[in-house]
């Protein structure tokens, strides 16, 4: 089982994935098993290319994003293999987009997904509950 000692023996890296307030985000894209969704901030709220995004599910998604924290660190320089299960990309004003690629579900030692920020050389464990919220999002 994963214990405090096991986690302490791992690499020291921030487990906060998108350390940015959601108010700074101009656009958000979720690419997953059910298709791709792109949201853009407007004066009236969030919108997709086809119109306004539903407020409740979008607020839930943004809340998940604001509190997105990895369960643990897998290692440095460890690449994901295969096609990501879900990718989440955020765009801030004047900044390069940041993308999180999330691999398929892994069952051991506890159910989780392995993920990697494209601009950081750290691979992390993420809760399946959080990943599923991104995979299931519909605006």
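All alpha carbon pair distances within the chain were sorted into 5 Å bins beginning at 0; the resulting P(r) in whole percents reads 2, 10, 20, 23, 20, 13, 7, 4, 1, 0.
Please list, in order, the residues from segment 74-118 whose amide nitrogen is less than 16 Å from a point placed 7 Å along the Cα→Cβ vector of residue 67. Counting only backbone N, you get no residues.
Cα centroids of segment 39-56 and segment 108-139: how far apart, whole angstrom? Here the two parts' Cα centres lie 24 Å apart. Please list, in order, the residues from segment 112-135 whose amide nitrogen is less than 19 Å from a point placed 7 Å along the Cα→Cβ vector of residue 92. Hits in segment 112-135 for residue 92 at 19 Å: 116-122. Take every pair of alpha-carbon atoms less than 8 Å apart whose residues are at least six positions apart; their mean separation over the length of the chain yields a relative contact order of 28 percent. Which residue fluctuates most in the GNM of the chain (Cα springs below 10 Å): 44, 70, 27? Sorting by GNM fluctuation, first place goes to 44. Against the chain, whose longest principal axis is taken from its Cα atoms, helix 55-66 shows a tilt of about 40°.
Report summary: the helix-based calculation at 222 nm, which adds -39500 (n - 2.57) for every DSSP H run with n ≥ 4 and divides by the residues of the chain, gives -5000 deg cm²/dmol.
The numbers here are math on the coordinates, done by the rules we state, and not lab data. Model, not experiment: these values are computed from the prediction. Using ideal geometry, Cβ is built from the backbone for each residue, glycine included, and neighbour counts are taken over all protein chains shown.
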